[in-house]
Amino acid sequence: MKCASILAVAASAVCLLSSPVTAGDCEVCIKVIQDVRDSMPKTDVKSKPKVEAALGNYCASSSLGPREKKICYYIDPIKRDVAQPFSTGMPSDRVCKRINQANPEICSVKFPIKTEKLEVKDLSKLRVKQLKQILGERGVECKGCLEKGDYIKRVQETEHLANNIEL
């Protein structure tokens, strides 16, 4: 009886800890994988060496943004591991979920939150974590901020810094 209850608790803990990766979690990875898939002819998608070559060509492009370059940095050493599920026709989000198991930093790369022309009511919908992220991208600290309203006020005060950041 004790053994069965311990197994049930362990199984539920495993289910909770292995939460599925959502599109918002791996948004940059999904974009990169989808861009590579879109750049390839349909006949080449099934070939692992051609997938690896397409990943190399995509990552060698000079028009990539900093976040895409970071994903390429993470994917480059594990191209073969990426090419295997990719060549089987697995969707981009599932490919990212699988390679995230090998390198958890892959899904930690996110696009910045767009803050142009946000009003107070829009900022109030954001979480404090996202407001802190916006301030961090602007290089601003919010010392003495205790409530969400303080963070919203600081984001509005530093709106002029958002235009100076080149992404």
With the requirement that a residue be modelled with pLDDT under 90 and either open to solvent by 40 Å² or more (accessible area, probe 1.4 Å) or of a type in the set (D, E, K, R) (or both), what does segment 90-109 give you?
Q101, A102, P104, E105, S108
Taking segment 20-62 and keeping residues of a type in the set (V, I, T), open to solvent by 50 Å² or more (accessible area, probe 1.4 Å) and within 25 Å of S108 (Cβ to Cβ) leaves T22
Which residue is most open to solvent (accessible area, probe 1.4 Å), if the candidates are limited to segment 110-127 and must be modelled with pLDDT of 85 or more and closer than 30 Å to Y73 by Cβ?
R127
Residue pairs within 8 Å by beta carbon, gap of at least six or interchain, first lying in segment 90-109 and β-branched (V, I, T), second surrounded by fewer than 16 Cβ atoms within 10 Å (Cβ to Cβ) and assigned to a loop (DSSP other than H, G, I, E, B), listed first then second, are none
Can you tell me which residue within segment 153-167, out of those that are over 18 Å from G65 (Cβ atoms) and of a type in the set (D, E), is modelled with the lowest pLDDT?
E159
Kindly list the number of the only condition in (1) at pLDDT below 90; (2) among the small types (G, A, S); (3) open to solvent by 30 Å² or more (accessible area, probe 1.4 Å) that fails for G65.
(3)
Of all residues in segment 32-71, how many are within 18 Å of T88 (Cβ to Cβ) and charged (D, E, K, R)?
8
What are the residues in segment 133-152 that are among the charged types (D, E, K, R) and at pLDDT below 90, if any?
E137, R138, E141, K143
Would you please list the contacts, defined by Cβ atoms under 7 Å and residues six or more apart or on different chains, that run from a residue in segment 123-150 that is free of Cβ contacts under 8 Å to residues at least 40 places away in the same chain and over 21 Å from K110 (Cβ atoms) to a residue that is open to solvent by less than 60 Å² (accessible area, probe 1.4 Å) and outside any helix (DSSP H, G or I)?
D150/C142
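The values are calculated or read from the model by the stated rules, or taken from the named source; none is laboratory data. Since we're looking at a predicted model, the values are computed, not measured. Because the Cβ atoms are built from the backbone with ideal geometry, glycine has one as well, and the counts that use them run over all protein chains shown. When the accessible area is computed, the model is the full protein with side chains, heavy atoms only, and any ligands, DNA or RNA have been set aside. Shrake-Rupley method; radii C 1.70, N 1.55, O 1.52, S 1.80 Å.
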